[in-house]
Amino acid sequence: MSKTYDEIRIAEQIVSVLPAGVARELSTEKETIRYAVRDAQMKLRTIVMSRISLRRLIDDPARDVKIEYLQRDLTETAASRCEFRYPRPHIMPKLVVRPAYRTTAMV
C-alpha cells in the first residue's frame with residue numbers, strides 16, 4: 001500500500017462526516033490535498049490538508065482519537081468558516097510594544 005493512498009484514505013475518513021456528495025476532491029498537489037465543498041447551508045467552501053501532517057497521523061498511536069477530533073472540528077466549523085485547514089495555521093499573537101521608560105538616576 002502506497003503512502004499516497006494512505007494519505008488520501010485518511011483525508012477521506014476525516015471528510016466523510018460531511019453529508020454525502022457535499023465534498024469532492026478538487027486536487028491532489030505535491031504538498032496538499034484539497035476538497036471543494038458545495039452546500040448552500042454551509043459557509044465552508046474549501047478543505048485543505050497537508051500531506052506531511054496526514055503522513056504523521058498515519059503512524060500516530062493515537063490516530064483514531066485525533067481523526068475523531070478532526071471530524072468533530074470539521075462538522076462544528078462548517079457553518080462558520082470558509083476554509084478548513086489541517087493543521088491549523090499558527091497565529092502569532094500581536095506583539096505589544098511598550099513605550100521605553102527613561103530611568104533617571106537619583107542624585
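Read-outs: derived from the displayed coordinates by stated rules, not from any lab. Just so you know, these numbers come straight off a predicted model, no measurement behind them. In this analysis, Cβ positions are derived from the backbone assuming ideal geometry, glycine residues included, and neighbour counts consider all displayed protein chains.
Observations on the structure shown:
- Separation in nanometres of the label points that stand 7 Å from Cα toward Cβ, at SER80 and VAL65: 2.4
- Segments 50-56, 79-85 sorted - mean Cβ within 10 Å per residue, highest first: 50-56, 79-85
- Karplus (6.51, -1.76, 1.60) ³J(HN,Hα), θ = phi - 60°, over region 31-47, in Hz, Gly and Pro reported as x: 10, 9, 10, 10, 10, 9, 10, 10, 7, 5, 8, 10, 7, 4, 10, 9, 10
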